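Taking it in order: structure first as structure tokens, then the write-up.
Please treat every number below as a calculation from the coordinates, not as lab data. As the structure is a computational prediction, the values presented were derived from the model and not from experiment. Positions of Cβ are generated from backbone atoms using ideal geometry, with glycine treated the same way; all protein chains shown enter the neighbour counts.
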Amino acid sequence: SEALLTVKDLKTYFYTSGGVSKAVDGVSFQINRGEIMGIVGESGSGKSVTSSSIIRLLPAGTGKIVSGSIDFDGTDVLALNKKELLSFRGKDVSMIFQNPMTSLSPVFKVGHQMTELIRTQQRVDRQSACRMAEEALMKVGITDARRRMDSYPYELSGGMCQRVIIAMSILSSPKMIIADEPTTALDVTIQAQVLDLLKEMRKTYQTAILLITHNLGVVWKMCDSVMVMYAGKTVEYTTCSNLYHNPLHPYTWGLLDSMPRLGSESEEELSTIQGTPPDLRLTGTCCNFSNRCPYASEICKSVVPELKELEPGHFVACHRQCEEGGLVRGGVLRHE
Ligand code: SF4
Ligand code: MG
């Protein structure tokens, strides 16, 4: 299928008085039309910074895209001026954040915000805009749409607000939605409903979705492809099926081992990866995972591993996995 978004060697650094933090350090990937891609990793891995870089929504002053390219449907995103950027964010790409309140204004009623959005995009009168807003709310399962339109965001639950945001996305018919932990703040049943709604959007409108999550369960449910990030770098990138059936990077194994077991009531992580991620000001001289990796050898501590295609469509950045024989999850070498 056809590429919608192509990101090449993206580097986004943060310049602080304490030094330069390499939040995203050479990340490449592609999303096709109608594809759902997941970026998974712990907090601080660079997944959110990657997604905000795509829409160039970085903290003014400190965050800076220092190199790389971002092509969206033939448009060079890094070359857009302020005005073009606003239209790109409104029409081509929609964003759904963990906290829906960041996308809604607290001082206007939901209906007003929706009709205003419609009227910035299309020449329609207020009444038609109202009808369109109501229809969009019905599409996301809000049956008492009229009443909800007359509410302020704070009068709605978190799940209801997230539906409103998705309804607003439907109205802009974007080519891609960036959803950054869209369900993390919601309770479990509502989580499933919101995820189903996003899947439905992909099916109906061929919307591509970039889904940022720390939850591999969400990845299995939603994604076609997935990139695992660690300390600003891609450690593994492949299809969801490959990652599920044949995960290859030691960090991915750690994430899998820390997933709650199926059927377990508790959201608590069972085992966690020992140690902490490196200081992002000091990375770039070794494998970023080497201080935590049970398989680390000398080369891991002195050479940065490159992302290599170990099997068709399956990219891994690990020295030892690329050695003859490679690693097997659990610690036994395949050919020994
Ligand atoms: Fe572990 Fe070395 Fe692979 Fe890094 S390169 S993940 S330290 S085995
Ligand atoms: Mg985040």
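Odds and ends about this structure:
- Per-pair calculated FRET efficiency, R0 = 35 Å: Asn291 and Leu78 via Cβ, rounded to 0.05: 0.55
- With a cut-off of 13 Å on the backbone N, the residues of the range 25-48 near the modelled label site 7 Å out from Ala3 along Cα-Cβ are 28-33.
- Spatial extent of the range 6-56: Rg and Dmax, with the Cα atoms as the point set, Å: 12.1, 42
- Only helical runs count toward this figure. For the chain, summing -39,500 (n - 2.57) over DSSP H runs of n ≥ 4 and dividing by all residues gives -9000 deg cm²/dmol at 222 nm.
- Partners for Lys308 among aspartates and glutamates (Cα-Cα distance below 19 Å; same-chain residues under 8 apart left out): Asp9, Asp25, Glu236, Glu323, Glu324
- Of Gln321, Gln193, Gln274, the one that fluctuates the most in a GNM where the chain has Cα springs shorter than 10 Å: Gln274
- Overall Cα dimensions of the chain - principal axes, largest extent first, Å: 72, 47, 41
- Only Cα pairs under 8 Å and 6+ residues apart enter the sum, and on that basis the relative contact order of the chain stands at 19 percent.
- Spin-label model, Tyr154 to Glu309: label points 7 Å out along the Cα-to-beta-carbon direction sit 5.4 nm apart.
- Chain lengthening between Gln206 and Leu85 when straightened (0.36 nm per residue, less Cα-Cα): 41.3 nm
- Among the listed pairs Lys11/Lys47; Lys22/Lys91; Lys22/Lys199, those with a Cα-Cα distance over 24 Å are Lys22/Lys91; Lys22/Lys199.
- Antiparallel bridges, percent of DSSP beta bridges restricted to the chain (to nearest 5): 65
- Residues Asp76, Asp196, sorted so that the one with the fewest Cβ neighbours within 10 Å comes first: Asp76, Asp196
- Pairs beyond 26 Å (Cα-Cα), from Lys83/Lys233; Lys8/Lys64; Lys233/Lys301: Lys83/Lys233
- Alpha carbon centroid spacing (whole Å) that separates the range 188-238 from the range 7-56: 16
- Taken as Cα centroids, the range 59-133 and the range 279-299 sit 39 Å apart, rounded to the nearest whole angstrom.
- Taking a point 7 Å from the Cα of Leu57 along the Cα-to-Cβ direction, the residues of the range 188-232 with backbone N closer than 14 Å to it are 210-212.
- Stretch gain in nm, segment Glu298-Asp125, where the contour uses 0.36 nm per residue and the Cα spacing is subtracted: 55.5 nm
- With neighbour counts taken as other beta-carbon atoms within 10 Å, the residues His214, His319, His245 rank, fewest first, as His245, His214, His319.
- Shape class for the range 4-118, computed from the alpha carbon gyration tensor (a ≥ b ≥ c): prolate, with a/c not under 1.5 and a/b above b/c.
- Annotation for Leu282 and Asn32: the two label points, set 7 Å from Cα along the Cα-Cβ direction, are 4.3 nm apart.
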